[in-house]
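Working notes, structure below.
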Amino acid sequence: MHIVVCIKQVPDSAQIRVHPVTNTIMRQGVPTIINPYDLFALEEALRLRDTYGGEVTVLTMGPPMAEDALRKALGYGADRAVLLTDRYFAGSDTLATSYALSQAIAKVGETFGTPDIVFTGKQTIDGDTAQVGPGIAKRLDLMQLTYVAKIPSIDLAAGEIKVERRCEGGTQMLQSRLPCLITMLEGTNEVRRGSLEDALYAARSQVLRWSAADAGIDDLTRCGLRGSPTVVKRVFAPTARAEKAALIDAAERNLRDLADELIAAILTRGPALEQELAFNSGE
Amino acid sequence: MSSANREAPRPASGRAGTKKELPDHFKDYRHVWVFIELERGQVHPVSFELLGEGRKLADKLGVELAGIVLGPPGETTQSAVAEAFAYGADLVYNVEAPLLADYRNEPFTKAMTDLVNAHKPEILLLGATTLGRDLAGSVATTLKTGLTADCTELDVDTDGSLAATRPTFGGSLLCTIYTLNYRPQMATVRPRVMAMPRRMDKPVGRVIRHQLSVAEDDIVTKILGFLPDSQSGKANLAYADVVVAGGLGLGAAENLQLVKDLARAIGAEHGCSRPLVQKGWLSADRQIGQTGKTIRPKLYIAAGISGAIQHRVGVEGADLIVAINTDPNAPIFDFAHLGIITDAIRFLPALTEAFTRRLSPHSRDKLAS
Ligand SMILES: Cc1cc2nc3c(=O)[nH]c(=O)nc-3n(C[C@H](O)[C@H](O)[C@H](O)COP(=O)(O)OP(=O)(O)OC[C@H]3O[C@@H](n4cnc5c(N)ncnc54)[C@H](O)[C@@H]3O)c2cc1C
Ligand SMILES: Cc1cc2nc3c(=O)[nH]c(=O)nc-3n(C[C@H](O)[C@H](O)[C@H](O)COP(=O)(O)OP(=O)(O)OC[C@H]3O[C@@H](n4cnc5c(N)ncnc54)[C@H](O)[C@@H]3O)c2cc1C
């Protein structure tokens with residue numbers, strides 16, 4: 001089977017700093033990583049390939065440097081990598097992103113065989129919308145299976161798939177049809193370390209670099225800023241609260257007095273809490 | 001977050017100020033809609049929180065607030081309709097069909113997009129739950145309109161546009177997003193970000209019913225079963241009135257018991273910061289913060305948690321935040337109301353004991369006599 005995995009290169013947000021004066025993200029020197037959620041999607045795809053045979057194509061839309069993310073994915077064991085990169089894509093919101101990616105997936109399908117499954121991560125750690133997966137599914141008319149925790153079975157001959165999908169308050173067992181789009185939940189598998197063989201393969205592989213035209217996109221008004229209905233009008237920093245916490249210094253105090261003092265302080269600020277806590281404790 | 005909490009907005013680089021006149025075919029889009037999320041007989045409370053916000057937007061715009069209730073024929077759907085009125089809706093659009101009994105993307109997307117195309121709302125709000133996000137993404141793509149995710153503040157501009165503010169880069173920045181040239185303007189909001197409005201006894205008002213234009217045979221995806229989360233381990237963190245949480249400062253997994261003991265003594269739910277989930281000390285549904293749960297309790301006690309921005313955005317809605325930390329410079333003291341600088345491992349048992357003394361009716365009787 002043929003599986004396409006969409007991955008996004010994101011700044012390592014643990015190391016993001018905001019410029020104190022201009023309120024802009026200081027990207028210089030911030031390392032980039034594969035969006036952590038996408039690794040679970042990639043791992044699931046590799047497992048399915050190892051079980052059912054076939055190929056895994058990784059796809060990203062981004063600047064030329066996003067090639068690094070694709071090389072890493074090849075190092076994990078992906079068979080082929082496509083970088084969709086063009087200045088026309090700059091400023092894409094999720095609608096424009098899912099348009100460009102779905103066109104590229106269609107082209108990947110024409111060139112290397114129609115994918116049976118398209119995987120995305122649950123969400124990214126930068127844009128953090130979880131909207132791109134559903135967007136691709138709708139545009140390519142794929143069955144949409146979000147928040148998938150497990151894929152118990154696939155029947156390739158019948159074109160059927162069973163998945164376990166997390167939802168509010170429980171897990172749905174769903175049966176659906178291929179081709180489908182799956183957004184994979186985090187923590188659902190253990191991401192492999194690439195083998196030496198994979199590392200060598202990654203080093204000598206070509207990452208395919210596609211422009212909008214290469215991906216068969218002829219309507220550029222649907223790409224980038226022009227194709228994005230949302231407009232970011234303001235970016236600003238949340239301000240610190242004016243007053244800091246009232247601090248109780250515990251040095252050399254007896255714990256019992258200290259605890260009583262804290263409870264008194266809590267109840268002074270929230271007198272109604274006494275009822276609440278007493279009621280809740282059920283004693 | 002309140003608007004008073006903010007600095008003067010700054011212009012963004014690049015995408016600002018691209019307002020054109022709204023295309024003619026969108027000019028008759030009016031009114032504010034809230035999707036009422038009904039699953040297994042229950043309305044998700046986020047829907048009521050959104051009706052509260054939707055009411056404010058509708059009043060500012062001078063338009064009506066509608067609840068959208070999709071569900072199976074019968075009593076649960078009709079009681080969701082009644083609840084929508086009780087929480088402020090002026091009218092309800094209702095689609096009843098057996099295949100709307102359990103959530104599936106295909107029939108819900110169809111029902112929702114048909115309603116939008118028929119009645120043309122200017123604003124459509126959904127909860128950022130697993131269901132809401134699944135549905136919103138499909139609906140927005142079908143309608144080819146803008147969708148702003150996980151908003152923390154909604155407002156209308158002087159020209160009537162929806163200004164949807166959301167945290168970005170893990171909460172270190174906020175941005176305000178507009179959908180200027182398309183309709184409806186769609187947004188999702190996480191549970192517990194907005195305050196719950198007061199329920200009023202209001203009679204059921206205007207209900208506009210629609211047929212669903214698909215049949216079961218047209219729907220590919222079938223539900224084979226549903227496994228509810230086990231009742232015992234289930235954390236209802238988001239809606240707890242009192243929450244106690246532990247962080248890396250606890251030092252070892254076994255010290256989490258101190259947090260659980262305090263939680264039990266005061267009838268609280270317990271939670272944690274993300275590293276504890278990553279270490280496997282607690283399950284992911286106990287994580288509080290940007291990539292975990294947003295909480296809005298009356299009292300939040302954080303022990304050994306530094307207060308990183310990703311944690312902060314999940315707890316800022318708490319009425320009273322108490323932090324226990326050995327480091328007087330820990331960032332959590334920037335947003336906690338009360339802080340105590342001490343070793344949580346020694347202090348938590350003392351606090352549990354003191355609460356138990358104070359709260360047990362037995363001791364209270366003794367105090368009174
Ligand atoms: C501050 C800020 C706020 C934003 N808010 C919004 C908003 O509210 N609404 C909106 O429509 N847009 C918004 N955007 C734009 C949005 O971030 C981009 O469109 C982005 O390209 C994709 O969205 P995401 O990062 O949220 O992805 P998600 O939808 O969270 O990603 C889900 C999955 O889709 C796949 N994927 C996503 N992007 C790519 C890619 N470039 N290449 C390959 N696979 C990918 C990955 O598998 C990922 O795990 C915002 C951007 C910024 C900078
Ligand atoms: C994309 C992304 C998403 C994230 N999402 C979340 C999220 O949803 N939720 C979340 O919580 N984090 C999240 N994080 C992680 C976040 O950045 C912090 O790393 C994390 O919150 C820190 O956890 P902590 O406070 O328990 O640990 P630390 O930051 O290590 O803090 C431990 C604190 O304990 C104090 N301490 C030490 N010993 C004691 C003692 N004996 N008694 C009392 N205090 C003591 C220390 O002074 C310190 O302040 C996210 C990070 C990223 C990059």
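With contributions of -39500 (n - 2.57) from each DSSP H run of at least four residues, the per-residue ellipticity at 222 nm computed over chain A stands at -10000 deg cm²/dmol. With the simple spin-label model, which puts each label point 7 Å out from Cα in the Cβ direction, the A:A246 to A:M65 separation comes to 4.8 nm. Report the residue, chosen from A:I182, A:I151, A:I248, that carries the largest GNM mean-square fluctuation when chain A is represented by alpha-carbon nodes joined by springs under 10 Å. For chain A, modelled as a Gaussian network with Cα springs under 10 Å, the answer is A:I248. Close amide H partners of A:C167, meaning residues 5 or more places away or on another chain with modelled amide H under 5 Å apart, are A:Q172. Within the shell of other residues whose beta carbon sits under 10 angstrom from the beta carbon of B:V43, the net charge comes to -3, with Lys and Arg scored +1 and Asp and Glu -1. Radius of gyration over Kirkwood radius for chain B, both on Cα atoms: the Rg/Rh ratio is 1.02. Each Lys or Arg adds one and each Asp or Glu takes one away; over the other residues whose Cβ falls under 11 Å from the Cβ of A:G127, this sums to -2.
Relative contact order for chain B: what is it in percent, counting Cα pairs under 8 Å that are at least 6 residues apart? Kindly include the intermediate steps, with their values, before the conclusion.
Values: 721 pairs, mean separation 49.8, N = 369.
It rounds to 14 percent for chain B.
Distance between the 7 Å Cα→Cβ label points at B:D285 and B:F226: 1.5 nm. Positive-end ranking of B:M194, B:V220, B:L258 along the dipole of segment B:194-292, with charges on Cβ about the Cα centre, is headed by B:M194. The overall shape of segment B:24-218 is rounded: from the C-alpha gyration tensor, with semi-axes ordered a ≥ b ≥ c, the ratio a/c is less than 1.5. Each label was represented as a point 7 Å from its Cα along the Cα-to-Cβ direction; for B:D159 and B:D114 these points are 3.6 nm apart.
Shape class of segment A:2-222 from the Cα gyration tensor (axes a ≥ b ≥ c, square roots of the eigenvalues): rounded, since a/c falls below 1.5.
Normalising the average separation of contacting C-alpha pairs (under 8 angstrom, six or more residues apart) by the number of residues puts the relative contact order of chain A at 22 percent.
Candidate cross-link partners of B:K260 among the lysines, defined by an alpha-carbon separation under 16 Å and a same-chain spacing of 8 or more, comprise B:K234. Among A:A251, A:A100, A:A157, the largest mean-square fluctuation in a Gaussian network model of chain A (Cα springs under 10 Å) belongs to A:A251.
Mind jotting down a quarter of the surface of the convex hull over the alpha carbons of the protein assembly as shown, in square nanometres, one decimal? List each step's numbers first, then the result.
Numbers: hull surface 122.6 nm².
Mean projected area for the protein assembly as shown: 30.6 nm², to one decimal.
Of all DSSP-defined beta bridges confined to segment B:164-317, some 30% are antiparallel rather than parallel.
Which ordering of A:S228, B:S273, B:S79, B:S306 is given by a fewest-first count of other beta-carbon atoms within 10 Å?
Details: A:S228 23, B:S273 28, B:S79 16, B:S306 19.
Lowest to highest Cβ neighbour count: B:S79, B:S306, A:S228, B:S273.
Largest GNM mean-square fluctuation across A:K233, A:K244, A:K122, computed for chain A with C-alpha springs under 10 Å, falls on A:K244.
Listed by chain and number, the lysines placed with their C-alpha closer than 19 angstrom to that of A:K122 are A:K8, A:K138, A:K150, A:K162, B:K293; residues fewer than eight positions away on the same chain are left out.
Return the aspartates and glutamates within reach of A:K244: Cα separation strictly under 16 angstrom, same-chain partners fewer than 8 residues apart disregarded; answer none if there are no such residues. A:K244 reaches B:E316, B:D319, B:D327, B:D334. Can you tell me what share of the DSSP beta bridges in segment A:2-222 is antiparallel? A percent to the nearest 5 is fine. Taking every DSSP beta bridge with both residues in segment A:2-222, the antiparallel ones total about 40 percent. Scanning chain A for long hydrophobic helices, with DSSP H runs required to stretch 15 angstrom or more by C-alpha along their axis and to average at least -0.5 on the Kyte-Doolittle scale, returns A:36-52, A:94-112, A:255-269.
Other residues whose C-beta falls under 9 angstrom from the C-beta of A:G216 contribute a net charge of -2, scoring Lys and Arg +1 and Asp and Glu -1.
Read-outs: derived from the displayed coordinates by stated rules, not from any lab. In this text the structure is predicted, and so the values were computed from the model without any measurement. In this analysis, Cβ positions are derived from the backbone assuming ideal geometry, glycine residues included, and neighbour counts consider all displayed protein chains.
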